[in-house]
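Just so you know, all these numbers are worked out from the coordinates, no wet-lab data involved. Everything quoted here is computed from the prediction, not taken from an experiment. With ideal geometry, Cβ positions are generated from the backbone for all residues, glycine too; neighbour counts draw on all protein chains shown.
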Amino acid sequence: MQSILATISCQVRKNNGDPRHRSLNVEGSPAGAPCIRIVSVLAGAEDRYLLDHVSARNQWDVFFADACDEACRLSDRLKPPIILFDRDVAGADWRHAVSSLASVSGSACILLISRVADDYLWNEVVANGGYDVLPKPLREDEVLRAVRLAWSYWNCVRRARAIARK
């Protein structure tokens with residue numbers, strides 16, 4: 001039932017035409033596939049375009065924010081499983097941004113997008129509440145892999161918490 005409601009919700013938002021929001025369904029997606037909700041803060045138009053393009057072929061419900069505070073408000077309201085944050089966003093310290101997003105969103109997987117992607121940075125991201133690092137410039141195959149892994153992890157944690165509450 002939840003997957004049906006998520007699919008309907010995605011379609012309704014798509015049809016409302018909000019320019020800051022892209023809700024697109026994939027032709028050939030399995031019926032009842034979950035709609036993955038993503039909040040994204042990207043510095044470059046090319047990266048926004050790529051994410052928009054990838055979401056057009058996958059069942060992703062993407063909300064774009066221009067700054068960390070806007071992403072925090074969206075995350076608090078929408079409770080997305082995945083948040084993408086670009087290290088190059090002007091006026092933002094990525095450590096503070098990842099920590100803030102982690103504290104607001106609770107269990108979301110936060111992916112830092114960075115030109116530098118090494119073990120040291122990954123350890124820092126995790127220490128600040130993040131999940132992974134995506135190398136910049138964004139590439140479709142890496143975005144797909146990272147989002148799918150993050151969603152799978154988030155979903156497993158959510159199910160384990162639900163079982164533990166029973």
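Amide H to amide H, with H built 1.01 Å from N, residue 61 comes under 5 Å of 36, 37, 38, counting only residues 5 or more places away or on other chains. Loop-located trypsin sites (Lys or Arg not before Pro) across the stretch 102-161 with a Cβ neighbour count of 11 or fewer within 10 Å are 115, with loop assigned by DSSP. Panel order for 89, 98, by other beta carbons found within 10 Å of each beta carbon, from fewest to most: 89, 98.
Under 5 Å between amide hydrogens, built in the peptide plane, is the criterion, and for residue 113 it picks out 85, 86, 87, 134 among residues at least 5 positions away or on other chains. Once every Cα of the stretch 25-166 carries one equal point scatterer and solvent is ignored, give the base-10 log of I(q)/I(0) from the Debye formula at q = 0.15, 0.16, 0.19, 0.22 Å⁻¹, two decimals. So the normalised log intensities are -0.70, -0.80, -1.13, -1.50.
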